[in-house]
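Read the structure below first, then the notes.
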Number of protein chains: 2
Amino acid sequence: MPEISQRGQHMPPSPIRKLVPYAEAAKKKGIKVYHLNIGQPDIETPQPMLDAVRHSELKILEYSHSAGNESYRRKLVHYYERFNIQVNYQQIIVTTGGSEAILFGFMACLDAGDEVIVPEPFYANYNGFAVAAGVTIRTITADIESGFALPAMEAFEKAITPRTRAILICNPNNPTGYLYSKEELEVLRQLCLKHNLYLFADEAYREFCYIGRHFSAMNLEGMDNHVILMDTISKRYSACGARIGALVSKNQQVLDTVMKFAQARLSPPSLAQIAGEAGVDLPVDYFDGIKAEYLSRRNVLVEKLNSIPGVFCPAPGGAFYAMARLPIDDADLFCQWLLEDFAYEQQTVMMAPGTGFYATPGLGRQEVRLAYVLNKEDIAKAMLCLEKALESYPGRTAAITAARAANQG
Amino acid sequence: MPEISQRGQHMPPSPIRKLVPYAEAAKKKGIKVYHLNIGQPDIETPQPMLDAVRHSELKILEYSHSAGNESYRRKLVHYYERFNIQVNYQQIIVTTGGSEAILFGFMACLDAGDEVIVPEPFYANYNGFAVAAGVTIRTITADIESGFALPAMEAFEKAITPRTRAILICNPNNPTGYLYSKEELEVLRQLCLKHNLYLFADEAYREFCYIGRHFSAMNLEGMDNHVILMDTISKRYSACGARIGALVSKNQQVLDTVMKFAQARLSPPSLAQIAGEAGVDLPVDYFDGIKAEYLSRRNVLVEKLNSIPGVFCPAPGGAFYAMARLPIDDADLFCQWLLEDFAYEQQTVMMAPGTGFYATPGLGRQEVRLAYVLNKEDIAKAMLCLEKALESYPGRTAAITAARAANQG
């Protein structure tokens with residue numbers, strides 16, 4: 001029997017999805033599972049987007065242009081204008097989800113053995129694209145006490161080697177929800193100019209900022225040839241299954257190279273591009289309601305978390321994730337235990353263990369990522385489950401034991 | 001300015017799409033261009049597939065399972081049964097087009113520097129996936145005189161090195177239209193078992209066989225751990241823009257490894273999976289009419305081609321492509337000239353130069369690939385253009401000059 005590749009063996013399983021079999025088993029036992037483990041919003045996809053597909057006059061589901069339909073790309077120009085990002089339609093390549101934008105960026109800009117610096121904790125699937133491209137992810141650790149602010153410039157400088165070719169940033173951040181400031185992006189600008197690095201900017205959660213305005217890497221001065229924007233409509237319109245994203249850059253060489261990869265896979269999905277195009281035409285106040293909803297969910301989640309003895313959760317400035325530190329021995333064991341051995345009033349909660357978001361061994365063992373993609377009532381119920389679980393979890397640490405003693409005292 | 005990757009520099013542009021700017025310029029001059037260059041059928045996508053999307057009750061365009069919707073995979077089991085391919089739904093991973101099935105197969109089974117043997121001429125986009133995966137394509141040349149039959153076992157044996165890990169076959173073949181027989185597949189089976197190789201089988205054109213029944217690599221005995229089927233609904237249902245394919249295998253290790261790559265990109269497109277599922281429910285005689293149509297187009301194309309002095313085109317047994325040898329100096333120059341400098345009654349024809357389908361330098365210079373994806377009337381008009389063009393093309397070879405002299409004599 002032929003062997004699978006080394007690359008395939010090194011490929012990490014998704015930390016977000018690996019607990020799925022335990023959740024399925026729990027459901028079969030009649031237990032209600034609150035899914036805070038994955039960024040799949042419960043918000044409905046805007047009706048006009050689905051209607052655009054339903055009413056399309058399409059007779060042949062043809063290949064689109066490899067860079068995406070020109071009509072859609074021209075629309076996207078206006079979408080970006082609203083965020084003060086000035087690009088023309090030829091600087092936009094429509095991709096199959098943000099995932100493909102990341103893969104294309106890696107493929108076009110990095111060779112096997114090259115290094116990309118990412119602050120950790122980071123979106124775990126970057127690992128997958130790095131393995132596919134043979135690229136090494138080097139991390140510098142952000143601190144939960146600071147709310148996961150950008151590490152100091154010195155930490156980046158230390159991590160830079162002769163093989164470093166890029167810095168990758170997710171803003172607002174998945175998994176931490178941290179919203180990087182203009183000043184923090186200026187630090188990255190200086191580093192990229194000094195060391196001749198690409199800046200990969202994953203701005204999938206641009207719309208969801210709760211503490212001020214989003215500053216795009218595309219607006220960093222003198223960085224036109226350095227910045228590669230990786231984008232998606234998945235979260236923006238609660239359209240994760242559309243698989244429509246975009247790679248945007250002003251670097252013509254990068255665009256030309258990405259186009260060769262884009263042509264090899266022929267085209268992004270045609271039906272979902274119709275939905276994406278309709279998305280740009282939504283009234284601009286569409287996001288006001290959505291943002292208010294996420295903000296109130298965030299507030300419930302963070303307040304509840306911080307009210308549980310021994311738990312600490314910095315308030316996220318954007319996206320719809322929070323990282324929390326729990327008084328536990330091991331987040332992987334705890335998250336599995338929650339599904340396998342625990343239920344409170346026939347309910348439990350599913351979260352993503354923190355370890356999957358760190359590259360440094362041992363980090364994240366007391367952290368979990370929670371996606372606040374459920375309504376407030378369900379979030380409150382999920383938090384009650386978590387509180388009860390922490391009271392009875394055999395692997396709870398001294399911190400909570402002491403806290404409980406104090407509460408009972 | 002940071003440099004693009006070596007990988008990106010090595011990435012070949014698509015030979016099928018690189019003449020597009022010339023075609024656009026011709027159209028701007030008011031010239032009608034017959035597109036025989038690309039496998040985009042003019043056949044309508046079956047109405048029930050589009051209706052299934054239109055009538056779907058979907059409220060949230062959610063991620064699907066990373067392996068595709070279970071309901072769709074269960075349906076596909078029945079689809080494959082019709083071709084006597086026995087698989088269960090867990091042996092099917094739905095991909096974003098056949099393209100992604102090829103990429104995933106390469107990623108899971110091959111490491112950078114590994115070699116895959118492909119008979120040439122071959123589907124040019126394999127190059128793109130090979131570059132992405134760092135894999136080397138080694139070719140053995142099939143002969144136009146034999147209709148591009150499988151080269152002899154000895155030719156394969158000669159090409160095998162210690163780095164050879166797989167053989168890749170497209171059956172029926174794109175670009176040649178050759179339909180490999182059960183006996184030819186038996187040769188590949190022996191080679192794979194003897195040298196412990198994977199057999200990647202791209203069977204995108206399974207439905208379109210004009211000279212007997214398709215024999216799937218999945219039915220080769222003792223090859224369960226070797227065969228990786230790469231499939232797509234693009235051509236089957238004239239649904240190229242759906243971007244729905246599948247990787248099918250009985251090798252559990254390969255499936256597990258491919259799933260890790262599938263999870264990293266989250267899921268295949270949700271809307272188009274609905275269309276794909278409806279496709280399986282089409283009446284089984286749906287293909288009879290389509291096949292008859294392609295067969296009659298093939299007959300017109302091949303007959304017309306072979307009636308042009310100096311042209312030779314073996315009749316393809318399947319798919320909807322033909323490779324023809326033309327009495328010209330250089331197919332790249334000729335195909336460009338057709339768009340830039342030629343018109344007959346304000347019409348011209350666009351074809352894919354043969355060179356793009358060969359890895360061996362110099363081969364294919366007198367060949368072109370023609371996709372018979374237009375109606376018979378248009379094919380006949382396109383062939384008239386080709387005939388007239390060959391009469392006036394400055395780079396015509398002695399063969400046609402002599403032929404013309406003979407005709408006039």
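Other residues within the sphere of radius under 9 Å centred on the Cβ of B:Val373, judged by their own Cβ, net out at 0 (K and R +1, D and E -1).
Near A:Val302, once Lys and Arg are set to +1 and Asp and Glu to -1 for all other residues with Cβ below 13 Å from its Cβ, the sum equals +4. In chain A, the sites counted are GluC sites (Glu not before Pro) in DSSP loop states with at most 10 other Cβ atoms within 10 Å, and the longest stretch holding none of them, exclusive of the sites, is A:222-409.
Per-residue ellipticity at 222 nm computed for chain B from its helices equals -12000 deg cm²/dmol, with DSSP H segments shorter than 4 residues left out and the rest contributing -39,500 (n - 2.57). Taking label points 7 Å from Cα along the Cα-to-Cβ direction, B:Glu221 and B:Lys376 give a separation of 4.3 nm.
Which FRET efficiency value, to the nearest 0.05, do you get for A:Asp42 and B:Asp288 by plugging their Cβ-Cβ distance into 1/(1 + (r/R0)^6) with R0 = 51 Å?
Numbers: r = 45 Å, r/R0 = 0.89.
It comes to 0.65.
Against the main long axis of the alpha-carbon atoms of chain A, helix A:252-264 sits at an angle near 80°. In this simple spin-label model, placing a label point 7 Å from the Cα along the Cα-to-Cβ direction at both A:Ala315 and A:Leu363 gives a separation of 2.6 nm. The HN-Hα couplings worked out from phi for the stretch B:24-33 by the Karplus form 6.51 cos²θ - 1.76 cosθ + 1.60 (θ = phi - 60°) are 4, 5, 4, 4, 5, 7, x, 8, 7, 10 Hz, whole numbers, x standing for Gly and Pro. Using a 7 Å projection from Cα along Cα-to-Cβ, the label point at A:Pro48 is separated from the same position in the remaining copies by 3.5 nm, smallest value first. B:Ala25 label point (Cα plus 7 Å toward Cβ) to equivalent points in the other copies: 6.5 nm, shortest first.
Across the stretch A:328-341, rounded Karplus estimates of 3J(HN,Hα) from the backbone phi angles (6.51 cos²θ - 1.76 cosθ + 1.60, θ = phi - 60°) give 9, 6, 7, 5, 5, 5, 5, 5, 5, 4, 4, 8, 8, 10 Hz, Gly and Pro being marked x.
So if I take the centroid of the Cα atoms in the stretch B:217-264 and the same for the stretch A:218-259, what is the distance between those two points in Å? So the two Cα centres are separated by 29 Å.
Note down the relative contact order for chain B as a percent, whole number, built from C-alpha pairs under 8 angstrom at least six residues apart. Display every interim value, and only then the final one.
On the way: 800 pairs, mean separation 97.2, N = 409.
With pairs under 8 Å counted, the relative contact order is 24 percent.
Amide H contacts of B:Thr95: B:Gly245, B:Ala246, B:Leu247, each under 5 Å away and 5 or more positions distant or on a separate chain (H built 1.01 Å from N in the peptide plane; Pro and chain starts excluded). Using only Cα atoms, find the angle between the long axis of helix A:376-392 and the longest principal axis of chain A, and express it within 0 to 90 degrees, rounded to the nearest 10. The angle comes out at about 50 degrees. Straightening the chain between B:Thr161 and B:Leu295 buys 44.2 nm, computed as 0.36 nm per residue apart minus the Cα-Cα spacing. The length gained by stretching the chain between A:Leu193 and A:Ser307 to full extension, at 0.36 nm per residue less their Cα-Cα distance, is 36.6 nm. Shape of chain B from its Cα gyration tensor (a ≥ b ≥ c, root eigenvalues): rounded if a/c is under 1.5, otherwise prolate when a/b > b/c, or oblate? Because a/c hits 1.5 or more and a/b exceeds b/c, chain B counts as prolate.
A Gaussian network model of chain B, with springs between Cα atoms under 10 Å, assigns the largest mean-square fluctuation among B:Asn84, B:Asn37, B:Asn127 to B:Asn84.
Just rank A:Lys29, A:Lys18, B:Lys260, fewest to most, by other beta-carbon atoms within 10 angstrom. Before the final figure, lay out each step's value.
Details: A:Lys29 10, A:Lys18 18, B:Lys260 23.
The most exposed by this proxy come first: A:Lys29, A:Lys18, B:Lys260.
What FRET efficiency comes out for the pair A:Ile211/A:Arg82, r = Cβ-Cβ distance, R0 = 22 Å, nearest 0.05? So the FRET efficiency works out to roughly 0.65. When the Debye formula is applied to the Cα atoms of the stretch B:47-280, each taken as the same point scatterer, what base-10 log of I(q)/I(0) results at q = 0.13 Å⁻¹? Reported log10 I(q)/I(0), two decimals: -0.74. Under 13 Å Cα-Cα from A:Lys59, which aspartates and glutamates qualify once same-chain neighbours fewer than 8 residues away are excluded? Once the sequence-local aspartates and glutamates are set aside, what remains near A:Lys59 is B:Asp42, B:Glu44, B:Asp51. The distance from the alpha carbon centre of the stretch B:321-379 to that of the stretch B:5-44 is 12 Å, rounded to a whole number. By the count of neighbouring beta-carbon atoms within 10 Å, fewest first, A:Thr96, A:Thr141, B:Thr161 end up ordered B:Thr161, A:Thr141, A:Thr96. Take each residue of peptide A:235-242, count the partner chain Cβ atoms within 10 Å of its Cβ, and average: the result is 5. Backbone amide hydrogens, once placed in the peptide plane, bring A:Ile228 within less than 5 Å of A:Leu199, A:Phe200, A:Ala201, excluding anything fewer than 5 places away on its chain. A Stokes-Einstein calculation at 37 °C with viscosity 0.692 mPa s, built on the Kirkwood radius of the stretch B:70-124 over Cα pairs, returns a diffusion coefficient of 244 µm²/s. With its label point put 7 Å out from Cα toward Cβ, A:Met1 sits 5.0 nm from the same residue's point in the other copies, in order from shortest. Taking amide H positions as placed 1.01 Å from N in the peptide plane, with prolines and chain starts having none, which residues 5 or more places from A:Tyr180, or on another chain, fall under 5 Å of its amide H? Sorted by chain and number, the residues that satisfy this are A:Asn173. Sorted fewest first by neighbouring Cβ atoms within 10 angstrom, B:Val116, B:Val131, A:Val302 come out as A:Val302, B:Val131, B:Val116.
No lab work stands behind these numbers, since they all come straight from the coordinates. Since we're looking at a predicted model, the values are computed, not measured. Backbone-built Cβ (ideal geometry, glycine too); neighbour counts: all protein chains shown.
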